[in-house]
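Participant: Structure below; questions to follow.
Bear in mind these aren't lab numbers, they're just calculated from the coordinates by the rules spelled out. All of these numbers come straight from a predicted model, not from anything done at the bench. Note: ideal-geometry Cβ built from the backbone for every residue, glycine included; neighbour counts use all protein chains shown.
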Amino acid sequence: MSLQDLTNTFWAPLLCLLLLGIPVSHTAKCPQQCICDQVQLRVACVNKNLTRVPSDVDEITVKLDLQGNDIQELPSGAFKHTPYLTHLSMQRCNIRRVKEGAFRGLGRLVFLNLANNNIEILYQESFDGLSSLKQLFIDHNRVEEIQPGAFSQLGFLNLLSITHNQLVYMPNLAFQGLQNIKWLRLSHNSLNYLDTEAFAGLFTLNRVSLDHNELQFFPTETMTRLPEVTRLDLSHNPMTYLGEDAVSMAKLTHLFLDHMSLQDLVNTAVSKSPCLVHLDISHNQLRVLQPFSEGSPKLARLNLAGNPIKCNCYLRPFREWAIRRKVKLLGTCGGPAHLSGESLKAVYPMDLRCQSQEAMLKAEFEEATRITPPPTQEPENKMKCPAHCVCENHHQQQ
């Protein structure tokens, strides 16, 4: 080992201690069940069947990994012995409850992962003390209630992820206090209603994930109160209709409404989203589309894949609009037969014609005949059999 390597090995942990304000004269200690890295100031107690947070973790620890234990409850002051933590991982710990003040004293923590536990309620003071936290993961739990003020102390949080939980209803001011939030992930819940002020105060939020929920209508009033959102994902929700001015979001650039049940889309649905560039309405039930209004001048990409779109004369104005506005269309024709499977962007307006009523009836008859099998004919020489008898018909070749 060179003199330079020896110097780095000696000074690296000392420099880390000085930056964190930790006394240099500190004597290191390590719990028996854990693996400790005194250079990186990391402690890992993974899959050790621990039933509580070990109290003998070294005070100077910066990163603590407690994954795969059986810590069913986090009591108040559970981490008071490790005030210098910046990263804490507690996935798969069978946690059922985070009591008020459980994280008090962790004013330096920037990353907290509580995924894959059994948490049902986020209490008002559950996250008190986490004044520097930037990322919080509560995915794959059983959260069904967020009490008012649950996040009020998380003023520096950038990312909040509560996916794969059991949320049904989002009340007003549910996320009050998140003054620096950038991305809110609520995917894979059972949300069917959002209060008008559910996202009130989130003036820095620019990305919202609400896919895989139970929303039947676009939450217009709720979303209008998000002035900085640029990306919104509402895919895999059972919406059937998108009405006039449904999407009114000043800075929205990307909107995902795919894999829903849309049967009708009003041509002014996104007219009040002037910055919209990408709209994904693929895998719905849309058959006919009208030219979009002039309210979205920047729309450049429209995904229509997986829709049973009829490429006939009724689609001609829409196709002319797409060509004129240079909108890139993704998807194929769902009919009629001679255009079925043809790329939408390859079909010219002159190709979009409607058949006469006589031709349409003939095509429908031919289609029905092709689907319905002809009735089986019985042999002409089939012998009649008297009632209450059993007959056998032997045909012998001569």
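Participant: Could you name the lysines whose alpha carbon sits less than 27 Å from that of Lys298, not counting residues in the same chain fewer than 8 places away?
Facilitator: Lys182, Lys251, Lys272, Lys310, Lys326, Lys328, Lys345
Participant: Still on this structure, I have one more. Using only the C-alpha atoms of region 219-355, find the volume of their convex hull and express it per residue in Å³.
Facilitator: Per-residue hull volume (Cα only) is 86 Å³.
Participant: Which order, highest average first, do 239-250, 128-139, 321-332 follow once you tally other Cβ atoms within 10 Å for each residue and take the mean per peptide?
Facilitator: Per-residue Cβ counts within 10 Å, averaged per peptide and sorted highest first, yield 128-139, 239-250, 321-332.
Participant: Could I ask something else about it? In region 160-200, what is the volume of the convex hull around the alpha carbon atoms, normalised per residue and reported in Å³?
Facilitator: Working: hull volume 2.5 nm³, N = 41.
Residue-normalised Cα hull volume stands at 61 Å³.
Participant: Given C-alpha coordinates of region 140-217, what is the ratio Rg to Rh with the Kirkwood estimate of Rh? The partial results should precede the final answer.
Facilitator: On the way: Rg = 11.6 Å, Rh = 12.5 Å.
Reported Rg/Rh, Kirkwood definition of Rh: 0.93.
Participant: Which value, in debye to the nearest 20, describes the size of the charge dipole of region 33-214 about its Cα centre when Lys and Arg Cβ atoms bear +1, Asp and Glu Cβ atoms bear -1, and nothing else is charged?
Facilitator: Charge dipole of region 33-214: 420 debye, to the nearest 20.
Participant: Using a Förster radius of 51 Å, what is the FRET efficiency between Phe217 and Cys385 based on their Cβ-Cβ separation? Nearest 0.05, please. Walk me through the numbers before you get to the answer.
Facilitator: On the way: r = 64 Å, r/R0 = 1.26.
Computed FRET efficiency for Phe217 and Cys385 comes out at 0.20.
Participant: Could you work out the mean projected area of the convex hull around the alpha carbons of region 33-214, in square nanometres to one decimal?
Facilitator: Dividing the Cα hull surface by four gives the mean projection, 9.1 nm².
Participant: Tell me, in nm to one decimal, what length is gained between Lys99 and Lys29 on full extension, where the rule is 0.36 nm per residue of separation less the Cα-Cα distance?
Facilitator: Here the answer is 22.4 nm.
Participant: Give me the number: length gained by fully extending Glu73 to Ala200, i.e. 0.36 nm times residue separation minus the C-alpha to C-alpha distance, one decimal in nm.
Facilitator: 42.6 nm is the gain from fully extending Glu73 to Ala200.
Participant: Turning to a different aspect of this structure: By a straight-distance test (C-alpha under 24 Å), which lysines pair with Lys48 as possible cross-link partners, with residues fewer than eight away in the same chain excluded?
Facilitator: By straight Cα distance, Lys48 reaches Lys29, Lys63, Lys80, Lys99.
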